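The values are calculated or read from the model by the stated rules, or taken from the named source; none is laboratory data. Computed from a prediction, not measured in an experiment: that's the story for all the values here. Note: accessible area is taken over every heavy atom of the protein model, side chains too, but ligands, DNA and RNA are not part of it. Shrake-Rupley method; radii C 1.70, N 1.55, O 1.52, S 1.80 Å.
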Amino acid sequence: MAREFYPLLMFASLFLLLAFGVPIAFSLAAVAIVFAYFLWGAGALNLVVSAAWGSMNNFVIIAVPLFIYMAYILQKTNVVEDLYKAFYKWSGGLRGGLAVATVVVGAILGAVSGVVAAGVIGLGLIGLPQMLKHGYNRNMSLGCVMSAGTLGQLIPPSTNMVLYGCVTGVSIGGLFAGGLSAGVLLAVLYIGYVLLRGLLDPSFAPALPPDERATMREKLAALRNVFLPGLLIVIVLGSILMGMATPTEAAAFGAFGAMIIAFFKKRLTWEIVYSSCFETISVSAMVGWMMIGASAFGSVFSGLGGNTLVANLAMSMPGGPNMVFVVAALFIFFLGMFLEPGAIIFLAVPILAPILSRLGFDPLWVGLSFNVLLQCAYMSPPFGFSLFYLQGVAPEDVSIVDIYRASVPFLALQILCIILIFLFPSIVLWLPRFVFGL
């Protein structure tokens, strides 16, 4: 076989291993090691080791386990439930009000944790039963929980944005600022869709009966549950955007702040701390192995001329730079149907992002666009992670096919968001430019 086809053979081998059920991290590493050994000899394995060490020896990555720990503490101490109760008391009188509360709480959860699993599972346990109980359309209720829970992918602090910044060198603060705009835009699209459907069809998302609506006194009392999480958001996100702290330092304060909130609510126990630490280590270890495998794969792929091959194909593509971006976006979307978003960042972004930058696209805009696409990956059938997070907490009569069907309208809204960002880049770039001058 001609040497220029080896990079393509690497990808074919990778998908073959994935088809046999080998975890993505070990599939990436195995392909890299086998190709390096048989093409260059045993000495080439030093390249794999150096790539793994280089990827892990990064101070910014420490932010990932800290944000994950913060999310678990807030989830296990029922802060999610408090937030939901506070907002549905205010919006329950609207048609679609419970769904609006679900989206708003999902956005807030994204801002205090950045972990999608915590958002989808938390809203699935709390918001979904309330919507189904009050006669909301089931597909809309399922889709609303999934889409709101995945807002943590965009609204900072997002762990995937931290990983993207580590891989590409793009400013994490800039990604956070732009992600805030993109996340708010998506939340507005979700809320607009729910309210419009409720307006056109009163039975689709009915308002709460008058006797179940909260009084003004109850509404004001419920706002107390929003104060501390809101303060945590302002401090964590504000310190990053104002340049007062690095993402890692802000993550450390966020993890400590989550424990303080739990302590003042008298819900912090050693069992919660232990289980949060254990689950954080498990998730962080998975991310770490994925980084090691992807770095090894990327170094061998580049050494075989894979990056040059992809760049040449892109430069010769008809339709110019815009068509290259469309093809890259479709490729990311396709990968999202089968791979975990973190794996896509490590696997595809180091190849595609430099090419798009060479074609004149703003690297920060590319990063923000890709992160919106990665949000789609969480909800894309057949293997989107949010689909299975929700299945784990949904009622027994809800099948995976029901969840697939429920994701379609909200996937369409996510694609609409990407189109708007493509047509009007300033939607996501104005805040990074205002705050950081990027």
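Here are the numbers for the structure shown:
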| read-out | value |
| --- | --- |
| Using alpha-carbon coordinates, inclination of helix 320-336 to the longest axis of the chain, degrees | 70 degrees |
| Gyration tensor (Cα) of the chain, equivalent ellipsoid semi-axes in angstrom | 38, 24, 21 |
| Using alpha-carbon coordinates, inclination of helix 247-264 to the longest axis of the chain, degrees | 30 degrees |
| Probe 1.4 Å, protein heavy atoms only - accessible area per residue of the chain in square angstrom | 42 Å² |
| With every protein chain in place, the chain: carbon and sulfur % of accessible area (1.4 Å) | 70 percent |
| Tally of Lys pairs whose C-alpha atoms are under 22 Å apart, taken over the chain, 8 or more apart or cross-chain | 12 |
| Tensor-based shape of the stretch 323-364 (alpha-carbon gyration tensor, a/c under 1.5 rounded, otherwise prolate or oblate) | oblate |
| Rounded tilt (10° steps) of 79-91 against the dominant C-alpha axis of the chain | 60 degrees |
| Percent RCO, i.e. relative contact order, over the stretch 52-205, from Cα pairs under 8 Å lying at least 6 residues apart | 27 percent |
| Area of ARG138 that stays accessible when all protein chains are in place (1.4 Å probe, Å², to 10) | 80 Å² |
| Per-residue SASA entry for MET216, accessible area with 1.4 Å probe, Å² rounded to 10 | 110 Å² |
| Gaussian network model of the chain, springs between alpha carbon atoms under 10 Å - residue of PHE87, PHE297, PHE264 with greatest fluctuation | PHE264 |
